[in-house]
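Have a look at the structure below, then the notes.
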Amino acid sequence: MNIQFKWSNANYLEAGKQAEFEEAIREDINLESDDRAKPCHTGDLLVELGVAGPLLNKVVGNVKCNCGTSYLIIDGTVNQNISYSRV
């Protein structure tokens, strides 16, 4: 499964942290065995991310199926404490 990442605003993590965060999400999505992390269609996924919070230490976003439907909400910190919830 191909996973593309898009950082949605002017605030983003430094290059090394950004790559680490993307890799953590990629591993989580590929290793998730239950149905809540499965998209509604097979194919590529788009992960849209942004940095938020007064200290710019929170990463939020969503995972979209190739049909455009958002199916997972991402909430995490720059330290890669990432949680996912089904839309």
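The values are calculated or read from the model by the stated rules, or taken from the named source; none is laboratory data. Keep in mind the model is a prediction, meaning the values are calculated, not measured. Glycine also receives a Cβ, built like all others from the backbone with ideal geometry; neighbour counts cover every protein chain displayed. Protein only, heavy atoms only, side chains kept; ligands, DNA and RNA dropped before computing areas. Shrake-Rupley method; radii C 1.70, N 1.55, O 1.52, S 1.80 Å.
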Mind checking which lysines have their C-alpha under 19 Å from residue 38, skipping anything on the same chain fewer than 8 residues away? 64
Local charge sum around residue 22 (other residues, Cβ-Cβ under 14 Å, Lys/Arg +1, Asp/Glu -1)? -3
Under a point-charge model restricted to the Cβ atoms of Lys and Arg (+1) and Asp and Glu (-1), what is the dipole moment magnitude of the chain relative to its Cα centre, in debye to the nearest 20? 260 debye
Å² per residue, accessible surface of the chain at 1.4 Å: 59 Å²
Please work out the FRET efficiency for the pair residue 20 and residue 46, using the Cβ-Cβ distance as r and a Förster radius of 22 Å; give the result to the nearest 0.05. 0.65
Roughly speaking, to the nearest percent, how much of the chain's 1.4 Å accessible area is carbon and sulfur? 48 percent
Of all beta bridges DSSP finds with both residues in the chain, what is the antiparallel percent, to the nearest 5? 80 percent
Just the Cα atoms of the chain, one point each, no solvent: what log10 I(q)/I(0) does Debye give at q = 0.13, 0.14, 0.17 Å⁻¹? -0.38, -0.44, -0.64
